[in-house]
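A.B. asks: Mind looking over this structure? Questions follow.
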Amino acid sequence: MKRVAIYPGSFDPPTNGHLDLIERGSKIFDELIVAILRNPEKDPLFSVNERRQMLESMTAGFENVSVDTFHGLTVDYALRVEAQAILRGIRAISDYEYELQMALMNRKLQPGLETVFMMPAAKYSYLSSRLVREVAQLGGPVECLVPELVVRKLREKMDVANKFGNADAGVSEPEARAADRAAAERKIKSRKKKS
């Protein structure tokens, strides 16, 4: 029997951690489908189409990996593509608590569907798409966090955001970047205080 798994997520943007799990998952399963969740309630940095293009380019070297999009319940999508397993990455204890709840709920909804947890490579154990977005928005280096294609796409997004976000304000580019960094730092500090 062909072993098919889905690796669902938002992938906004795809990171080296995602690519690590895709590579390792492709060795375990006969077919691995990287499934981008279309969530209209979120305000993503990259469109679903942009994320799909990046992931297709990043996974082109894997013969048994494909990229798809879906909305709704993950278990319903898994049934549609005849997957037997859901691949999930766990970086920390906090991830485990959330992922365990999701795995148990998915088992309740679809008892035949297994969840396979994989630890990331140690060098990616802290890495998340949210952190990559924040570092990029602050003008920090992301080369060691994401593939080169994603680095280019992030720079394009940040350049466009800076040009359009500050064009009417009469603010120079360095001043605008400094203001953006300060605003992002305030946002991070505010999050830390809340948690």
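The values are calculated or read from the model by the stated rules, or taken from the named source; none is laboratory data. Note that the structure is predicted; figures quoted are calculated from it, not measured. Counting neighbours? That spans all protein chains shown, and the Cβs are built from the backbone with ideal geometry, glycine included. When the accessible area is computed, the model is the full protein with side chains, heavy atoms only, and any ligands, DNA or RNA have been set aside. Shrake-Rupley method; radii C 1.70, N 1.55, O 1.52, S 1.80 Å.
A.B. asks: Any residue at all in the stretch 105-114 that is under 19 Å from the mean Cα position of the chain (by Cα), in a loop (DSSP other than H, G, I, E, B) and modelled with pLDDT of 90 or more? Steps first, answer last, please.
C.D. replies: Initially, the stretch 105-114 is screened for residues under 19 Å from the mean Cα position of the chain (by Cα), giving none.
No: zero hits.
A.B. asks: Also, I was wondering about something else. The conditions are (1) among the aromatic types (Phe, Trp, Tyr); (2) over 22 Å from residue 158 (Cβ atoms); (3) open to solvent by less than 20 Å² (accessible area, probe 1.4 Å), and residue 46 fails exactly one of them. Which is it?
C.D. replies: Failing condition for residue 46: (2).
A.B. asks: How many residues does the stretch 139-149 contain that are open to solvent by less than 60 Å² (accessible area, probe 1.4 Å), modelled with pLDDT of 90 or more and either over 21 Å from residue 56 (Cβ atoms) or not in a loop (DSSP other than H, G, I, E, B) (or both)? Walk me through how you get there before you give the answer.
C.D. replies: Let us first name the residues in the stretch 139-149 that are open to solvent by less than 60 Å² (accessible area, probe 1.4 Å), namely 139-140, 142, 145-147, 149.
Of the ones still in play, those that are also modelled with pLDDT of 90 or more are 140, 142, 145-147, 149.
Next cut, either over 21 Å from residue 56 (Cβ atoms) or not in a loop (DSSP other than H, G, I, E, B) (or both) only: 140, 149.
Looking only at that region, the number is 2.
A.B. asks: Quick check on this structure: which one of 133, 152 is under 24 Å from residue 49 (Cβ atoms), in contact (Cβ under 8 Å) with a residue 12 or more places away in the chain and open to solvent by 30 Å² or more (accessible area, probe 1.4 Å)? Steps first, answer last, please.
C.D. replies: Values: 152 fails: in contact (Cβ under 8 Å) with a residue 12 or more places away in the chain.
None of the others qualify; the one that does is 133.
A.B. asks: What are the pairs, 6+ residues apart or on separate chains, where a residue within the stretch 93-117 that is within 18 Å of residue 3 (Cβ to Cβ) has its Cβ under 6 Å from a residue that is open to solvent by 80 Å² or more (accessible area, probe 1.4 Å) and at pLDDT 95 or above?
C.D. replies: none
A.B. asks: Then there's this: Looking at this structure, is residue 125 open to solvent by less than 20 Å² (accessible area, probe 1.4 Å) and closer than 16 Å to residue 20 by Cβ?
C.D. replies: Numbers: open to solvent by less than 20 Å² (accessible area, probe 1.4 Å): no; closer than 16 Å to residue 20 by Cβ: yes.
So residue 125 does not fit the description; no.
A.B. asks: If the Cβ limit is 6 Å and pairs must be 6+ apart or interchain, which residue in the stretch 66-80 that is farther than 14 Å from residue 52 by Cα pairs with which residue that is open to solvent by 10 Å² or more (accessible area, probe 1.4 Å) and assigned to a helix (DSSP H, G or I)?
C.D. replies: Listed pairs, sorted by first residue: 75/106; 75/109.
A.B. asks: Take the residues in the stretch 49-65 that are touching a Leu at 6+ places or on another chain (Cβ under 9 Å) and in contact (Cβ under 8 Å) with a residue 60 or more places away in the chain; name whichever of them is least open to solvent (accessible area, probe 1.4 Å).
C.D. replies: Of everything passing the filter in the stretch 49-65, 54 is least open to solvent (accessible area, probe 1.4 Å).
A.B. asks: Among residues belonging to the stretch 2-43 that are out of contact with any Asp or Glu (no Cβ under 6 Å at 6 or more places or on another chain), aliphatic (A, V, I, L, M) and in contact (Cβ under 8 Å) with a residue 40 or more places away in the chain, point out the one that is farthest from residue 156 (Cα to Cα).
C.D. replies: Just the residues of the stretch 2-43 that are out of contact with any Asp or Glu (no Cβ under 6 Å at 6 or more places or on another chain), to begin with: 5-32, 34, 36-43.
Retained after the next criterion (residues that are aliphatic (A, V, I, L, M)): 5-6, 19, 21-22, 28, 32, 34, 36-37.
Next cut, in contact (Cβ under 8 Å) with a residue 40 or more places away in the chain only: 5-6, 19, 21-22, 28, 32.
Details: 5: 33, 6: 30, 19: 21, 21: 26, 22: 25, 28: 35, 32: 30 Å.
Within the stretch 2-43, the match that is farthest from residue 156 (Cα to Cα) is 28.
A.B. asks: Could you check the stretch 84-122 and list, in sequence order, the residues that are surrounded by 13 or more Cβ atoms within 10 Å (Cβ to Cβ) and of a type in the set (S, T, N, Q)?
C.D. replies: Scanning the stretch 84-122 gives 84, 106, 110, 115.
A.B. asks: Among the residues of the stretch 68-79, which ones are closer than 15 Å to residue 36 by Cα and either more than 19 Å from the chain's Cα centre (by Cα) or in a helix (DSSP H, G or I) (or both)? Step through it out loud before you land on a result.
C.D. replies: Keep residues of the stretch 68-79 that are closer than 15 Å to residue 36 by Cα, which gives 68-78.
74, 75, 76, 77, 78 - these are the residues of the stretch 68-79 that are closer than 15 Å to residue 36 by Cα and either more than 19 Å from the chain's Cα centre (by Cα) or in a helix (DSSP H, G or I) (or both).
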